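Novice: Take this structure, written in structure tokens, and hold onto it; I'll ask about it next.
The values are calculated or read from the model by the stated rules, or taken from the named source; none is laboratory data. All values derive from a computational prediction rather than experimental measurement. Here the Cβ positions follow ideal geometry from the backbone for every residue, glycine too, while neighbour counts run over all protein chains shown.
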Amino acid sequence: METTEQLVETLNQLSVTDFKEFKALIQPETNLELDSSSCLKEANIQDVVNWMVERFKEECVEETKKILLKMGRPDLVQRLAATDSGVKGCSASETCGVSYREGDAAFRDFDAGQTGGLIKLLGDHMIKNKVAKDYRRWIKLKPEVKVKGPRDAPTYSLRSEAGRFECSVSGLRWFCQEKVAFRYRFCSWDGHMERMESRGYRPAGPLMDITVSTGTMLEVQLPHWVYIEDVPELLDNFAVLHVTDYGDVLEKVAQVTETHVTLTEPAFSLLGCLLNIFFSPRINCCNTLIYYQPNKPFLKLHVYLILPDPALKQSIYKDETSGGYEAIKKPHPDQRLKMDCGFTLKASVETAHIQPPQITLRHVSQDPNFYEVFIENPDRRFNLELLQTGSETVWFCEIRKGQFVP
């Protein structure tokens, strides 16, 4: 295959948004026009390829590889590479700005002297696991937080220049080529879940009300909490709920990674990730919430096991504190827990009474069930242990006497 044809075929795999980014990564280095009437920014794929062949000559393929690596597309680099030769001008340790997790088993035995081998390894790892790996760098930004009242849901505001960014609170990611300003808040799935279930979907991430006041985002990545190895055909089984003034719209996602779903050239309002209701996947990071009733001769705990939904967590906090309960902060389960599976809570105190005997992990938008733990005259520290029904311990914590006030 001729070089020009090979490059055109490869770049045709890019989305409209990704092709804009590809051109943006060329522009700062060259700042040149394709011809007297057409600048690089407005060029189509054929024009860009013709220009690169003329500009870089025999190095045009290698220059293309370096740009694709910066974009986090080792799959397309592998497509371009006829052999496992390294990319000139790019060391294996730097991989042209691509970051990867050295602890990942796929990279432990990698020879750091073979950049071309890394390119192939990254692409093979993606194909083998049928997931889209995101090796791009996202700059984390801390939002400005505004709260009207102590029990009101906070509003988060962010501003950025052009680039790729991630909110340090929500994990929301966005890509823009101009200044943007926006705000968001977490919303309850209550009122939406029944409609989604009737259409064959369940919540797979937080529901967020996003308002952009300045600029345009070319891409937004919404966080999800699903362990995607449990879900085949990712693009077919994930969707995004978009609540508009005219009703619900289910949008197809452009990409699914381990932590996010991608929308290109998005419109904003209420947005939330959905998963086909047929699947009962494992959840990446469930939350355990513990509340106790102070100033009593006995100890009464409310222990919740919920999906990592910030709006639901805020709702529980509001309900419990309005009833006079206080929180005991403990670490969350470190392993993935399976949805629609039963869990049992045990205490190391023989006099402890726990109801109900089992709770099923599911997403409930309001009034979620909880374990009530009653211990009369607690005089020492004790342990709480969460077990998956018919399985091993999945969570453990120690409650010390000083952490509650009898």
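Novice: From PHE343, PHE279, grab the single residue that is part of a loop (DSSP other than H, G, I, E, B), among the aromatic types (Phe, Trp, Tyr), surrounded by 14 or more Cβ atoms within 10 Å (Cβ to Cβ) and under 29 Å from the mean Cα position of the chain (by Cα).
Specialist: It is PHE279.
Novice: Separate question: How many residues does the range 9-19 contain that are part of a helix (DSSP H, G or I) and surrounded by fewer than 17 Cβ atoms within 10 Å (Cβ to Cβ)?
Specialist: Number of matching residues: 2.
Novice: Limited to the range 150-173, what total is found for residues that are outside any loop (DSSP other than H, G, I, E, B) and closer than 28 Å to LYS20 by Cα? Walk me through it before giving the result.
Specialist: Looking only at the range 150-173, we keep the residues that are outside any loop (DSSP other than H, G, I, E, B), and these are 155-160, 163-167, 173.
Filter once more, so that each one left must be closer than 28 Å to LYS20 by Cα: 157-160, 163-167, 173.
Within the range 150-173, residues that are outside any loop (DSSP other than H, G, I, E, B) and closer than 28 Å to LYS20 by Cα number 10.
Novice: For the range 257-276: of the residues being surrounded by 21 or more Cβ atoms within 10 Å (Cβ to Cβ) and touching a residue at least 60 places away in the same chain (Cβ under 8 Å), which is farthest from ASP230 (Cα to Cα)? Before the answer, list the steps.
Specialist: Step one: list which residues in the range 257-276 are surrounded by 21 or more Cβ atoms within 10 Å (Cβ to Cβ), which gives 260-263, 266, 271-275.
Retained after the next criterion (residues that are touching a residue at least 60 places away in the same chain (Cβ under 8 Å)): 260, 271-275.
Details: HIS260: 15, LEU271: 23, GLY272: 20, CYS273: 16, LEU274: 15, LEU275: 11 Å.
My answer is LEU271.
Novice: Hey, MET196 hits all of (1) touching a Lys or Arg at 6+ places or on another chain (Cβ under 8 Å); (2) at pLDDT 90 or above; (3) under 24 Å from THR17 (Cβ atoms) but one; which does it fall short on?
Specialist: (3)
Novice: Just checking, how many residues over the range 36-54 are farther than 16 Å from THR17 by Cα and modelled with pLDDT under 85?
Specialist: Final tally of qualifying residues: 4.
Novice: Identify the single condition in (1) at pLDDT below 95; (2) surrounded by 17 or more Cβ atoms within 10 Å (Cβ to Cβ) that LYS318 does not satisfy, given that it satisfies every other one.
Specialist: Checking LYS318 against (1) at pLDDT below 95; (2) surrounded by 17 or more Cβ atoms within 10 Å (Cβ to Cβ), the one that fails is (2).
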